[in-house]
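Asks: Pasting a structure here, questions to come.
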Number of protein chains: 2
Amino acid sequence: MKKQWHKIMDGVWRLRLGVPEALTPVKLRRVPMAERNLSAAGLTGNPRPHFAADRVIFKTTRRGCLAMLPLGKEEAVYGFGLQLSSFQQNGRKKTIRVNSDPRGDLGDSHAPVPFYLSTRGYGILADTARYCSFYCGSHADPPHGIGVTTEELYRSGKTEDSFTALDVPTASGIDLYYFAGPTMKEALQRYVLFSGGGAMPPEWGLGIFYRGYSPNDQKATAELAAAIREDHIPCDVFGLEPGWQSHSYSCSYLWDRKRFPAPEQLIGHLHDSNFRINLWEQMFVHPSSPLYRKLEKYSGDVKVWNGLVPDYTLDTPRRIFGEFQNKELIQKGIDGFKVDECDHSDFIRVAWSFPEYSMFPGGMDGEQMHGFLGIYAQQILSEQYLRNNRRTWSNVRASHALGAPYPFVLYSDLYDHRDFIRGVVTSSLSGLLWTPEVRQCANAEELLRRLQSVIFSPMALINSWMLKNPPWKQYDIERNNAGVPLDDGGELQEKCRKILQLRMRLLPYLYAAFYRYFESGIPVFRPPVLEFPHMESFRGTDDAYFVGDDLYFAPMIAGEQSRKVFLPPGEWHDFFDGNKIWQGNCEYEFSPAPEEILLFVRCGALLPLAAPEEFVSGRTVYQITPHAYGRADRYCCRLFADDGESWELLQKPDCGMTLEFRAEDKVCRISAGKHARTERYRIHEVKCMGTGTIPRKLS
Amino acid sequence: MKKQWHKIMDGVWRLRLGVPEALTPVKLRRVPMAERNLSAAGLTGNPRPHFAADRVIFKTTRRGCLAMLPLGKEEAVYGFGLQLSSFQQNGRKKTIRVNSDPRGDLGDSHAPVPFYLSTRGYGILADTARYCSFYCGSHADPPHGIGVTTEELYRSGKTEDSFTALDVPTASGIDLYYFAGPTMKEALQRYVLFSGGGAMPPEWGLGIFYRGYSPNDQKATAELAAAIREDHIPCDVFGLEPGWQSHSYSCSYLWDRKRFPAPEQLIGHLHDSNFRINLWEQMFVHPSSPLYRKLEKYSGDVKVWNGLVPDYTLDTPRRIFGEFQNKELIQKGIDGFKVDECDHSDFIRVAWSFPEYSMFPGGMDGEQMHGFLGIYAQQILSEQYLRNNRRTWSNVRASHALGAPYPFVLYSDLYDHRDFIRGVVTSSLSGLLWTPEVRQCANAEELLRRLQSVIFSPMALINSWMLKNPPWKQYDIERNNAGVPLDDGGELQEKCRKILQLRMRLLPYLYAAFYRYFESGIPVFRPPVLEFPHMESFRGTDDAYFVGDDLYFAPMIAGEQSRKVFLPPGEWHDFFDGNKIWQGNCEYEFSPAPEEILLFVRCGALLPLAAPEEFVSGRTVYQITPHAYGRADRYCCRLFADDGESWELLQKPDCGMTLEFRAEDKVCRISAGKHARTERYRIHEVKCMGTGTIPRKLS
């Protein structure tokens, strides 16, 4: 059969090789492609794949099937979902296998995705939930002549055109999807729109999340929440860990009435204090759950922690589970979930999850289901929120292909700070969200550094499930739980509050950037290679990234005295002292104090900075002081002014506001879409920043 | 088809499930079963499997096939070849996948084996080179009632009878081999004999191995060897790293005549100085090798470092490669090899090895070949030495099922000392050999501790490929290579020499123990669980082990001030001060100084301690002072008195000598087999040790 590219939507093409499997991410998708968004996203035309279909080598093998795609020697390759251990993937083998706590750099992750992006300006998705492996040019022959050193031979994969090999076990065929550019960024946008568009948070989802001490009962939970308000720590979401349930590991999905005698009261009380509530859950259904009997016949043949693993490829169990969650929890005021352990357990002492050989009534085996379980968790819960015309911003520990539209942020029990920062940029390149959550710390510096990076991520999460008291009262876990506070007169708490307030100051800016992600698929947090794919300086940069269009953030790790930052082209202002200006396209070394943040503002930007709220709601009126940087003639920025929490924006998307500031008359003009709730933003006088001089480049 | 056990040899049974693959370790074996050794090994009768064949559940799946075997709640499970990260495997999933530098505890290793042993007294081999996974009871349902804590549920796999699940990808069937006991030790013996018997070293293989600095040329090599002799450091084998070849990574198998202008001269010179010579090699054939053209058409479709991967399932390439090695190297005086990188590269930055999707002319794919390449390396080279009536004691970086008969010791670029010690005992439980080789160290204590453990392993290897000078001159790598020696007046060297001399003092004892391994399959270095499978105290003991029958060694790790040792039943003497006696079946805490070794001698043992030679040869006459421990009436021990290096023992196995010492008349009687070369041992007067008192047990 002749190989042919088949158009799926403008700039998205499918190549069918062999006889693909029946149960795949694309075939089982429940969120439609966001084709309608192409023009709003600025993606015009219908660019074709840059290589002919017949250049793809395909064969079936005893083991499954193999596809080999051209890979030019100049291409740098990224992607494969959340990858904590590596960024650029040339020369590497990546196996797409969902797992918790992965060690090594095998491809395993909470959310691996069979998708890659090339600096050549395209993306490829392999439509399978199998543990497929990508070899990113690693088996290229060396160039001409005979190398004489090991180093020379190791480099060989990059010195001539080669291929990306995709090894799919078990399958007799595979659908490959090609996402055209012309740039890498546009290819990613097309992938995100093909997935259904980017996830859209409620405004409160961009506030601060705090998860309380696991053993806390109702009283202790209420007290902890009250203490956060008393301390004026910004906080929008309070999370409850497994203890809320009468049985967890696996789950009853019922309140433990001994420890939480009156959950309705707690929910009411927390809501009255302007907290949203997030509950921990698993997908494994314990015999004591009222769902057990109903789901038993729709479940796989191996239990996990004695709990059912329902097959949510089937409509009936999806409906049963979704309706229960809706009726018992969502409608009773639960605003989000943390869906734990829907990944896998190869790297753990005890292999707790269902094995690959499990079989499910819908026809999947365990290998496939590991790619789907996290996706189904997100899907079912999102659908219930949509049904209630509410948005959520939740957590999930597994995702996979086409995960972009789900308002779920990935997290991990791992904790290496550098890896956590890398996760922000790798996840974004597959349309996923990741939080480098903050837990206990070795010292005050670490707490500050971790908070500084978590506020520049899709979820500013302090996950104190193992800490009785907030970490700024005591970062050390033993002392914290022994009730020994820091003896610093609240100094650390004050520094931490300032960091969290910075998140709140940026909230309107981030909210508008997320709307853009939702609409056009451009991730809010993105590595510089996405903007400058041909700049060699950025090809390995996984430790500094854009935050929206106008901010560039370079996180510090505790213990580092200084770090280098290669600033993108243009001129950049210090966020905190706008008069400090740096020439871009150049590398600098900075030595910020532990409480200082390396945050740069693009010259010419208008930043809609808000007075920091402690929490937000539809009643919040943001006090915006636009900051104009540099000496441009005209500045502008966007705000998104909807109700901040419903799905009304689907019907009434024209909620945008534009602020425009002209240097000549010093006036800030506001224009607004038809449905914009302009009353939610009070715009103060523009502050002009940056009359300083540009420092010399480093030699 | 009815499931049936089919007898293979006494106490070894096969269960054929489905339609097994054509290319498997047993089907491609080249070393016959050592059935003839059963009686010499003391394995009598024909014990049947302890469970009926129809209790095994078998099904084929889309992914491959699945077998589930009974696993009693009282059983503890071990095996799976060399495993550096874990010992007892209950509750774990292990994937049998050959890899270098594995991280995590997934089953990957240089030498994973689809074989496990149970304390119930049996072993199971799955005859496949595929990446099969064993689930050792990990998915058992919890017991009666509902657990209320996570801990309770996590433990569940051990609280009731369950199963071991074996998941084999791609295959439509599998042959399972059952090795009967009645004890775990006998089951292991049967597995080793089924594999062809244990590996038999030449005497010199039990001496000290030293590998020189990689960049050394002929002159520097000769100088380094001379310096070792001048320092009176015991050394039997000198190893050359890649630099000897005109091309390595991949290999030419030719001397680099620029750096080694006269290799014949070097070989002669080293032999004259009583060194054996070991050469580094890979299995990948570089275009500049005279073998390249001859092997090209017999090779896989993917090259490694531009080198061929010949398919040695085929006779012709095996003959071509073997004869070249024989003619050009073995017959010219090379005594052994280090076969590097025949494993795999999933955990490495660049995936350098051939991918699983590779295809080989004999019909294997890359997945299977990864299980075989290390085995073929060992097989081809062993066959050539056998043909020359010489023994070798070599290194290899990969092995798999049925690896026992090959005189190749595994090693790794990893270096965690605790993991390295664990490797000694895990490898032995699958009939494999492993050296916890010594390289550079952080301090003198680490060097001493590592040397202490390496001398109690199948190969006492100092691998200084990255050190200009021996580590006892300078353990720190930078200073060593900068030529900055320790300023300790040779104190560390003296301590190290003493440790190495201890190996030499034990050489006759170890040689006899290895002959027993060769003949009966009882590993020389073995964990106490093999002797006492039902003692709970030993089920997790992977940091202390038997050395032969009469010694028990408890290694220390640098930085430890003390360690606990649970001594096996009986009474135990301190090796160094025989008057210190400890009651066994009891735990003690010891705090040895860095140069002190925790080595215990069984009460009642007669140890044939030798005066330490600097090297051994067929001309060596061992000066033996038998040491009698405790107050028995009669003591005895065995020596093996052949020529120490030829395969004559195959025709003339009765080379054993027995020393018997009776306390009553203080006379040591010597009896010898017909072909024993008794002149090689000069037996001195017996030294009686241990008139001290037994210390009280710890409370």
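The values are calculated or read from the model by the stated rules, or taken from the named source; none is laboratory data. Here the structure is a predicted model, which means the values were calculated and not measured. Methodologically, a virtual Cβ is constructed for each residue, glycine included, from the backbone with ideal geometry; neighbour enumeration extends over all protein chains shown. Heavy atoms of the whole protein, side chains included, go into the accessibility calculation; ligands, DNA and RNA do not. Shrake-Rupley method; radii C 1.70, N 1.55, O 1.52, S 1.80 Å.
Asks: List pairs: first in region A:485-513 and closer than 18 Å to A:Arg449 by Cβ, second aromatic (Phe, Trp, Tyr) and open to solvent by less than 40 Å² (accessible area, probe 1.4 Å), Cβ under 7 Å, 6+ apart or cross-chain?
Replies: Qualifying pairs under 7 Å: A:Leu492/A:Trp472; A:Gln493/A:Trp472; A:Cys496/A:Trp472.
Asks: May I ask you to list the residues in region A:401-417 that are open to solvent by 10 Å² or more (accessible area, probe 1.4 Å) and among the aromatic types (Phe, Trp, Tyr)?
Replies: A:Tyr406, A:Tyr415
Asks: Let me ask something additional. How many residues does region B:68-91 contain that are in a strand (DSSP E or B) and either closer than 22 Å to B:Gly104 by Cβ or more than 10 Å from every other protein chain (Cβ to nearest Cβ) (or both)? First the steps, then the outcome.
Replies: To start, the set of residues in region B:68-91 that are in a strand (DSSP E or B) comprises B:68-71, B:77-79.
When the remaining residues are screened for being either closer than 22 Å to B:Gly104 by Cβ or more than 10 Å from every other protein chain (Cβ to nearest Cβ) (or both), the result is B:69-71, B:77-79.
Matching residues across region B:68-91 total 6.
Asks: So which of A:Phe194, A:Phe209 is in a helix (DSSP H, G or I) and either closer than 22 Å to A:Arg619 by Cβ or in contact (Cβ under 8 Å) with a residue 12 or more places away in the chain (or both)?
Replies: Numbers: A:Phe209 fails: in a helix (DSSP H, G or I).
A:Phe194 is the lone residue from the list that is in a helix (DSSP H, G or I) and either closer than 22 Å to A:Arg619 by Cβ or in contact (Cβ under 8 Å) with a residue 12 or more places away in the chain (or both).
Asks: Right, another one. Identify all residues within region A:666-685 that are open to solvent by less than 60 Å² (accessible area, probe 1.4 Å) and at pLDDT below 95; write none if there are none.
Replies: Passing the criteria: only A:Cys668.
Asks: Just one of B:Val19, B:Val26 is aliphatic (A, V, I, L, M) and within 14 Å of another protein chain (Cβ to nearest Cβ); which is it?
Replies: On the way: B:Val26 fails: within 14 Å of another protein chain (Cβ to nearest Cβ).
When all the criteria are applied, what remains is B:Val19.
Asks: Here's another thing I want to ask about it. Somewhere in region B:214-236, is a residue in contact (Cβ under 8 Å) with a residue 40 or more places away in the chain, in a strand (DSSP E or B) and in contact with a helix residue (DSSP H, G or I) (Cβ under 7 Å, 6 or more places away or on another chain)?
Replies: no
Asks: Among the residues of region A:172-181, is any open to solvent by less than 10 Å² (accessible area, probe 1.4 Å) and within 14 Å of chain B (Cβ to nearest Cβ)?
Replies: Among the residues of region A:172-181, at least one is open to solvent by less than 10 Å² (accessible area, probe 1.4 Å) and within 14 Å of chain B (Cβ to nearest Cβ), which makes the answer yes.
Asks: Take A:Leu82 and decide whether it is closer than 26 Å to B:Gly366 by Cβ, among the hydrophobic types (A, V, I, L, M, F, W, C) and open to solvent by less than 10 Å² (accessible area, probe 1.4 Å). Full working, then the answer.
Replies: Details: closer than 26 Å to B:Gly366 by Cβ: no; among the hydrophobic types (A, V, I, L, M, F, W, C): yes; open to solvent by less than 10 Å² (accessible area, probe 1.4 Å): yes.
No; evaluated as a whole, the condition is false for this residue.
Asks: Which condition number in (1) more than 9 Å from chain B (Cβ to nearest Cβ); (2) modelled with pLDDT of 95 or more is the one that A:Thr95 fails?
Replies: All conditions pass for A:Thr95, except number (1).
Asks: With the condition being farther than 23 Å from A:Arg503 by Cβ and open to solvent by 10 Å² or more (accessible area, probe 1.4 Å), I'd like the strands (runs of 3 or more DSSP E) fully within region A:544-662 carrying at least 1 qualifying residues. Lay out the reasoning, then the answer.
Replies: Values: elements: A:545-547, A:551-554, A:563-567, A:571-574, A:581-583, A:586-590, A:598-602, A:606-610, A:622-629, A:634-640, A:656-662.
Here the list reads A:563-567, A:571-574, A:581-583, A:586-590, A:634-640, A:656-662.
Asks: Here are the criteria: (1) open to solvent by 30 Å² or more (accessible area, probe 1.4 Å); (2) more than 30 Å from A:Tyr515 (Cα to Cα). Tell me which single one A:Trp472 does not satisfy.
Replies: (1)
Asks: Please go through region A:338-393 and pick out each residue that is of a type in the set (Phe, Trp, Tyr), touching a Pro at 6+ places or on another chain (Cβ under 7 Å) and open to solvent by less than 10 Å² (accessible area, probe 1.4 Å).
Replies: A:Trp393
Asks: Can you tell me which residue within region B:414-437, out of those that are among the hydrophobic types (A, V, I, L, M, F, W, C) and part of a loop (DSSP other than H, G, I, E, B), is farthest from B:Ile477 (Cα to Cα)? Break it down into steps so the answer makes sense when it comes.
Replies: Of region B:414-437, the ones among the hydrophobic types (A, V, I, L, M, F, W, C) are B:414, B:420-421, B:424-425, B:429, B:432-434.
After this cut, where a residue has to be part of a loop (DSSP other than H, G, I, E, B) as well, the list is B:414, B:429, B:432-433.
Working: B:Leu414: 16, B:Leu429: 34, B:Leu432: 31, B:Leu433: 28 Å.
Restricting to residues being among the hydrophobic types (A, V, I, L, M, F, W, C) and part of a loop (DSSP other than H, G, I, E, B), the top hit is B:Leu429.
Asks: Now, a different point. Kindly indicate which of A:Gln501, A:Gln440, A:Gln452, A:Gln493 is open to solvent by 50 Å² or more (accessible area, probe 1.4 Å) and part of a helix (DSSP H, G or I). Before you say what the answer is, go through the steps one by one.
Replies: Values: A:Gln440 fails: part of a helix (DSSP H, G or I); A:Gln452 fails: open to solvent by 50 Å² or more (accessible area, probe 1.4 Å); A:Gln493 fails: open to solvent by 50 Å² or more (accessible area, probe 1.4 Å).
Result: A:Gln501 is the single residue among A:Gln501, A:Gln440, A:Gln452, A:Gln493 that is open to solvent by 50 Å² or more (accessible area, probe 1.4 Å) and part of a helix (DSSP H, G or I).
Asks: Determine whether region B:569-582 contains at least one residue that is at pLDDT below 95 and of a type in the set (S, T, N, Q).
Replies: yes
Asks: Residue by residue through region B:50-66, note down the ones that are away from chain A (no Cβ under 14 Å) and open to solvent by 20 Å² or more (accessible area, probe 1.4 Å).
Replies: Of all residues in region B:50-66, those away from chain A (no Cβ under 14 Å) come to B:50-56.
Those that are away from chain A (no Cβ under 14 Å) and open to solvent by 20 Å² or more (accessible area, probe 1.4 Å): B:His50, B:Ala52, B:Asp54, B:Arg55.
Asks: Right, another one. Please enumerate the residues belonging to region A:105-139 that are within 11 Å of chain B (Cβ to nearest Cβ), of a type outside the set (S, T, N, Q), closer than 25 Å to A:Pro528 by Cα and free of Cβ contacts under 8 Å to residues at least 60 places away in the same chain.
Replies: If the condition is that a residue be within 11 Å of chain B (Cβ to nearest Cβ), of a type outside the set (S, T, N, Q), closer than 25 Å to A:Pro528 by Cα and free of Cβ contacts under 8 Å to residues at least 60 places away in the same chain, then A:Asp105, A:Leu106, A:Gly107, A:Phe134, A:Tyr135 are the ones that fit.
Asks: Filter region B:519-543 for residues that are among the hydroxyl-bearing types (Ser, Thr, Tyr) and open to solvent by less than 30 Å² (accessible area, probe 1.4 Å) and give the result. Full working, then the answer.
Replies: In the first step, residues of region B:519-543 are kept if they are among the hydroxyl-bearing types (Ser, Thr, Tyr); the result is B:520, B:537, B:541.
The answer is B:Ser520, B:Thr541.
Asks: What's the number of the only condition in (1) at pLDDT below 95; (2) out of contact with any Phe, Trp or Tyr (no Cβ under 8 Å at 6 or more places or on another chain) that B:Met466 fails to meet?
Replies: (2)
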